Each structure stands twice: as C-alpha cells, then as structure tokens.
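J.: I have a structure here, written as structure tokens, and I will follow up with some questions on it.
The values are calculated or read from the model by the stated rules, or taken from the named source; none is laboratory data. This structure is a prediction, so every number in the text was calculated from the model and none was measured. With ideal geometry, Cβ positions are generated from the backbone for all residues, glycine too; neighbour counts draw on all protein chains shown. All accessible areas refer to the heavy atoms of the entire protein, side chains included, with ligands and DNA or RNA removed. Shrake-Rupley method; radii C 1.70, N 1.55, O 1.52, S 1.80 Å.
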Amino acid sequence: MLQNVKDIYSESIQIQISASSLLSENIANASQKVIQCLLGGNKVIACGIARSYANAQFLVSNLLNRYDIERPSFPSVLLSLESAVGSSLVFDHSAENLYLHQFNAIAKPGDLLLAFAPLGSEKAVLNTIANAVSKEIGVIALTGSNNDAIQGVLAENDLEISIPTNKESRILENHLFVINAICELIDQALFPRA
C-alpha cells in the first residue's frame, strides 16, 4: 500500500510538471480575464456537475469571501444544484438543461462564465457554455484531455485550461490548483501590498 501512495504522488507530480509547461500562459490569461471582468463591475458565474461542482463552489467561496488575504468580496455566483432551486429545476427540466434557467436569469454582458467539465461530456455544463457563447458572454472552461465537445462550442476569445490527462481524479485536483493560482494572481494584482 505504501508503494501505491508513492505511485499516486508520482502520477500527480508528473501531471503537474506537464501542466506547468502547457498551461501557465492560459492560467495567467484566465486570471487577467477575471480581473477585467471584476474591474468592469461584472460578476463571475461558475458551474460544474458531479464532483466538479465542489470545485465550482470552492472558486465562488474564494471570490466571495477571501483567498489568502482579507479584502472586499468579489461578485460571483454559483449555478446551484442545492435545495429547492436544484430540486425544482431537475423536476421540471431535463438534466441537460439544468443550469440554463439560472444562467439566463443572472447573466449580463461583461460577465464571465467559469465552467468545470473534467470529462468533457457533461451536458449541463456544455449547454451552459453554448448558451453563454450565444449571448457573447466570455467563457473560461476547465477541462481534461477529453475535451473535443467543449472545444467545438467555445468562441474565439474564450479560453480553455485543459489538464493533460483523462483521469478524472487527477483533473479535479489540478483544477483545484488552477483555482488557487487564479485567486492568488487576482489578489496579487488587485491588492499588491496586502
């Protein structure tokens, strides 16, 4: 079992090393897009399904509350699966269109959608991305290497951060790293002396 733990570490580290060379520019660009959105008085809208829903929650928590330093809250919204909202949407609509009503109710020009789709086949997230593109709302998609469907709907100015693996557990942990990096870069840019 000890060797299994070491193998998991090794696999994770190798993916991080590969991601470092492939994704650093996209992470910096994503941070800049979020900063521009927030400085423009707009909001970040996040969504994910299944286990990536937790990463979307974590992003919104970091923006609304804080990441590393005490600072004003940044406007951000999680497209919700919880409580009566999620329950009524699932009851009245297909799961593929789970987020569309919420997104259409709150999304405005200048907002930014951060969509988590580690498998690349999450229909509810894919449909939300397509809806955002049709409304000319910017998208940052966090994916894995199985991302052909996502790439097919993104607009030219949208951004994809694709973790170089198709193993969901490694994608999810790397998405968490990307969230942390984006939030750290935002704090450093907007509050450099804090």
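J.: Evaluate E = 1/(1 + (r/R0)^6) for Ser61 and Ser21, where r is the Cβ-Cβ distance and R0 equals 30 Å; express this FRET efficiency to the nearest 0.05. Walk me through the intermediate numbers first.
T.: On the way: r = 29 Å, r/R0 = 0.98.
Result of the calculation: an efficiency of 0.55.
J.: Further question: Can you give the local net charge around Cys37? Use residues other than it whose beta-carbon is closer than 9 angstrom to its beta-carbon, Lys and Arg +1, Asp and Glu -1. Mind showing how you got there, number by number?
T.: Details: positive: Lys33, Lys43; negative: Asp111.
My count for the surroundings of Cys37 gives +1.
J.: Compute the signed sum of charges (Lys and Arg +1, Asp and Glu -1) over the other residues within less than 12 Å, Cβ to Cβ, of Tyr99.
T.: Numbers: positive: Lys123; negative: Glu96, Glu122.
Taking every other residue near Tyr99 into account, the sum is -1.
J.: Something else about it: Per residue, how large is the accessible surface of segment 110-149? Use a 1.4 angstrom probe and give square angstrom.
T.: Details: 1220 Å² over 40 residues.
Per residue, segment 110-149 has an accessible area of 31 Å².
J.: Can you count the Lys pairs in the chain with C-alpha separation below 28 Å, eight or more apart or on different chains?
T.: Here the count comes out as 13.
J.: Less than 11 Å Cβ to Cβ from Ile137, Lys/Arg counted +1 and Asp/Glu -1: what total charge do the surrounding residues give?
T.: Details: positive: Lys43, Lys108, Lys135; negative: Asp111, Glu136, Asp158.
Local net charge: 0.
J.: After finding the eigenvalues of the alpha carbon gyration tensor for the chain, what semi-axes result from the square roots of 5 times each, listed largest first in whole Å?
T.: Details: eigenvalues 125, 95, 53 Å².
They are 25, 22, 16 Å, listed largest first.
J.: Express the carbon and sulfur contribution to the solvent-accessible surface of segment 1-191 as a percent, rounded to the nearest whole number, probe 1.4 angstrom. Intermediate results must be reported in sequence, preceding the final value.
T.: Details: 5040 of 9340 Å².
Whole-percent figure for carbon plus sulfur exposure: 54.
J.: Whole-Hz ³J(HN,Hα) for each residue in segment 102-112, computed from phi via Karplus 6.51 cos²θ - 1.76 cosθ + 1.60 with θ = phi - 60°, x for glycine and proline: what do you get?
T.: 4, 4, 4, 6, 10, 6, 10, x, x, 5, 9
J.: A follow-up question, please. Sorted by mean Cβ packing within 10 Å, highest first, what order do the peptides 45-58, 125-138 take? Please list the in-between numbers first.
T.: Numbers: 45-58: 21.8, 125-138: 20.1.
Per-residue Cβ counts within 10 Å, averaged per peptide and sorted highest first, yield 45-58, 125-138.
J.: Which whole-number percent is the relative contact order of the chain (Cα, under 8 Å, 6+ apart)? Kindly include the intermediate steps, with their values, before the conclusion.
T.: Working: 297 pairs, mean separation 48.0, N = 194.
Computed value for the chain: 25 percent relative contact order.
J.: While we're looking at this one, here's another question. When the dipole is taken about the Cα centre of the chain, and only Lys, Arg (+1) and Asp, Glu (-1) are charged at their Cβ, what size is it in debye, to the nearest 20? Spell out each step's value before the answer.
T.: Values: 12 positive and 19 negative charges, 64 e Å.
The calculation lands at about 300 debye.
J.: Multiplying the sequence separation of Ser121 and Ser73 by 0.36 nm and subtracting their Cα-Cα distance, what value in nm do you get? Write down the numbers at each step before the final one.
T.: Values: separation 48, 0.36 × 48 = 17.28 nm, distance 3.24 nm.
Full-extension gain reported as 14.0 nm.
J.: Convert each backbone phi in segment 8-18 into a coupling constant with the Karplus relation 6.51 cos²θ - 1.76 cosθ + 1.60 (shift: θ = phi - 60°), then list the ³J(HN,Hα) values in order as whole Hz, x for Gly and Pro.
T.: 5, 4, 4, 4, 4, 5, 4, 5, 4, 4, 4
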